[in-house]
Structures are given as structure tokens and as C-alpha cells.
Amino acid sequence: MRSALVTGVNGQDGSYLAELLLSKGYRVIGLVRRTAAENPYSRVNHLLPRLKLVEGDLLDAGSLIRALELAEPDEVYNLAAQSFVGVSFREPVATADITGVGTLRLLEAVRQVAPHARFYQASSSEMFGNVAAPQNEISPFRPRSPYAVAKLFAHASCITYRESYGMYVACGILFNHESPRRGAEFVTRKISLAVAAIARQEQRTLTLGSLDARRDWGWAPEYVDVMHRMLQMDRPEDFVVGTGVAHSVKDFCQAAFEAAGLDWREHVVQDPELMRPAEVFDLRADSSKARELLNWEPSMDLKDIASAMVRHDLGLSQETAGGPVWPRGLAR
Ligand code: NDP
Ligand code: GDR
């Protein structure tokens, strides 16, 4: 039985990845932080006790060594991060410590405790900043937020460990991917939750920042599949992963409000306070390499994603606690 350690297991991607690995017969150990919240592991409760949890923190090297000793992993997926770009402007040093140096702490712990384990790093399209779209594996990196700077440090650390020590380290440069498990502060979920509240007549308006920024939005369950595929290759390589289609925040609003029979123009207002100090305007993936070498093909488009999220938030579909919503067969 193969064994995998997943950091950030209680995040959106971690929960889907744990489901996928368990379904493939892996022994899965998830790293979680200690928290005082009442229902702290809400995204993975339904996987317990098949999923084993171990306490640890990317800020604490000793806890990572202990987790690796317990897990004895064949594969390590590093998904933990302070992952919200907006917060990174307000907490830049904490973001650097967790998202950047935290990855280096884990790499070094793996080198010492489990050097033959295969390592997946959750790199980000944010590292490209405003370089011309579409972005691929040879596009330059021009980070525009403390989050992107931290991810780039982590990405470069991964390449350095791969080249210096011959470790199997692969980075997935993933573009935005969404689901009903997306954190409520990210724009797609903020919109789908607001649409549901407006449809129930609990609120009238939704306040957003930039409506013109464009993102390449995909469906999260399909993106954890690619993480696993990346660790099954003969040799480690980095891959850009996205749908190849970009839409504006405005487009997402339109699709989400339409899914509930509403007109977004009657409800969305803008607040300059929600604009970021520096914005990334146009991210769109050129994933030719992943399509060719990993045989990976996304199937959900913007309307599918917006509709699935709105239906969930309206209580019309089950998800989150009950198990995965796999991509195909969802009503628009
Ligand atoms: P989430 O924010 O949903 O999950 C991040 C997880 O990291 C949370 O479970 C959080 O724990 C955990 N975490 C945060 N700080 C620490 C720490 N100091 N020690 C241990 N764990 C910690 O992110 P996603 O699931 O959306 O993303 C997964 C990864 O992929 C992240 O690294 C993200 O930056 C990256 N990424 C995401 C993309 C996306 O579109 N979703 C695109 C590209 C990259 P807790 O539950 O306690 O808060
Ligand atoms: P992003 O995702 O920054 O791309 O990072 P987010 O959903 O936060 O923002 C997307 C775009 O929407 C604009 N926007 C708003 N964003 C939020 N959160 N709230 C608002 O009210 C709002 N109004 C407009 C933003 O300015 C931005 O242009 C996500 C995260 O998952 C990262 O961890 C990951 O690395 C990248 O995707 C790829």
C-alpha cells in the first residue's frame, strides 16, 4: 500500500486530493494545524478515520520531521499555504514565512527523513504577474503580490532541491480552480454565496473590487487529479495547468446570477477599498505540455462551474461533507 502525506489537507484542494488518493488505495496522512475552532476539519470530517490526521505546522520544522517519520510517505503533496492574495498585502511577512520558507522547511525535512519520497509543490499562476497571456512553462515570472513572491521563492527552492540532491520534486503551476469547497473570501465563492443570499432575499447587494481582472477558472477536482499524475512520471517536471480560457470577474458574476435567474447589474456594486495595491489583469494558461504528457483534459467551463457553485449554495446539490462532486454530469 502506498502512503501519501498531504499538507493543507483541510483546504479545498487537500480535501479533494485526499478523496482521490483514498479511492486509489493509498494510506493518506493529512497535516493539520491545531485550532480552537469548534468544527475545525469540516472539509475532511467525512473521510475520517480512513484519513489519518497528524498535527503540524509549516512554521515548525520539528513538527514536519515528526509528521514525516509517522507517515513514512512515498509521496508528499505540499498544498499548505497562506493562500489568499489579498491578505498577503496585509500580512506579507507571515505569508513569506508560511508560503515561502515553510516550503523550504518541508523540503529540507523530506531530504533528511524521506529523501526518496516524491514531492509535489503547489505553485501558482500568480507568479507570472502581468506577463502576456497565455502563460506556459517558459514564460518569465514577474510576481505582483507578497503571496506571489513567496510562491516564487518556494518554486525556486523546489527546483534547487531537485537539481542539487536528485530528489523527485515536481511543481504544478496551477491557474485558479474553484468548487463549492472554495474558501468564502475568494471571489467566485463570495459571488456564489451572495447570489444564494440574494435569491433568498436575505441581502440585496454584493460589493466587489476589480470587475475587469481576467482569470482562467477551472474545476478543482480535475486539478487534484493532475497533481497525482505529475508524481507518476518517470522523471520530475514542472507543468502549467489551466483550461486555456480566461474570463473577467464580470463574466463570472453574469454566469452566477443567471444560474439563479437574476441580473447581476441590479445587485453588484464596486468599492475601491476592495481593489488590491497591485492587480494581475490577465491570466490564461497554455497547458499544451500537461495535455500531451499527462493526458490531462479539463471538462468544466465557466458556466458549469458558476452553476455548480450557485446550486450548492442554494442547497440544491449535496457536496462538501457528503463526498466529492466529480466533474461530469452536472446540470448547468
Ligand atoms: P486553501 O486556502 O483552501 O487551503 C490551504 C491550507 O493550508 C488550509 O487547510 C490551511 O489550514 C493550511 N495552512 C495554512 N497555513 C498553514 C501552516 N502554517 N501550516 C500548516 N498548514 C497551513 O488553499 P487551496 O486548497 O485553494 O490551495 C491549495 C494550494 O494550492 C495552496 O498552496 C495555494 O496557494 C495553491 N494554489 C491554489 C490555487 C487555487 O486556485 N485554489 C491555484 C494555484 C495554487 P487551515 O485549514 O488550518 O487554515
Ligand atoms: P486570486 O483569487 O487572487 O486569483 O488567487 P481571488 O478569487 O481572490 O481573486 C480573483 C480576482 O478577483 C478580483 N476581485 C476580488 N477578489 C476577492 N477575493 N474578493 C473581491 O471582493 C474581489 N473583487 C474583485 C481580484 O482582485 C482578482 O483579480 C487565487 C488563490 O487561490 C491563490 O492561492 C492562487 O495561487 C491563485 O488563485 C492562482
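When a/c reaches 1.5 or more, the comparison of a/b and b/c decides; with that in mind, is the chain rounded, prolate or oblate per its Cα gyration tensor? The shape class here is prolate.
Please tell me the relative contact order of the stretch 83-191 in percent, rounded to the nearest whole number, where contacts are Cα pairs under 8 Å and at least six residues apart. For the stretch 83-191, the relative contact order is 34 percent.
Label zone of residue 116 (point 7 Å out along Cα→Cβ, amide N under 16 Å): in the stretch 1-42 this covers 1-4.
In straight-distance terms, cross-link reach from residue 52 covers every one of the lysines whose alpha-carbon lies under 29 Å from its own, apart from those fewer than eight places away in the same chain; here that gives 24, 151. For the chain, the relative contact order is 18 percent, taking Cα pairs closer than 8 Å that sit 6 or more residues apart in sequence and dividing their mean separation by the residue count.
Classify the stretch 161-239 as rounded, prolate or oblate from the Cα gyration tensor: take a ≥ b ≥ c as the square roots of its eigenvalues, call it rounded if a/c is under 1.5, otherwise prolate when a/b beats b/c and oblate if not. Prolate shape, in that a/c is at least 1.5 and a/b is the bigger ratio. If only the Cβ of Lys and Arg carry +1 and only the Cβ of Asp and Glu carry -1, the dipole of the chain around its Cα centre is close to 360 debye. If a/c stays under 1.5 just call it rounded; otherwise compare a/b with b/c (prolate if a/b is bigger, oblate if not). Do that for the stretch 173-218, with a ≥ b ≥ c from the square roots of the Cα gyration tensor eigenvalues. Since a/c reaches 1.5 but b/c is at least a/b, the shape of the stretch 173-218 is classed as oblate.
When the helices of the chain are scored as -39500 (n - 2.57) per DSSP H run of n ≥ 4 and the total is divided over every residue, the value at 222 nm lands at -10500 deg cm²/dmol. A straight Cα-to-Cα reach below 19 Å connects residue 190 with the lysines 250, 303, residues fewer than 8 places away in its own chain not being considered.
Restricting the GluC sites (Glu not before Pro) of the stretch 1-75 to loop positions (DSSP other than H, G, I, E, B) with no more than 10 neighbouring Cβ atoms within 10 Å leaves 38. For the stretch 2-77, averaging the sequence separation of C-alpha pairs within contact (under 8 Å, six or more residues apart) and dividing by the residue count gives a relative contact order of 40 percent. For the pair the stretch 259-306 and the stretch 1-79, the centres of their Cα atoms are 28 angstrom apart.
Computed from the coordinates by the stated procedures, all read-outs in this text should not be read as laboratory data. Predicted model only: the values in this text are computed from it and were never measured. As a convention, Cβ positions derive from the backbone with ideal geometry for all residues, glycine included, and neighbour counts pool all protein chains shown.
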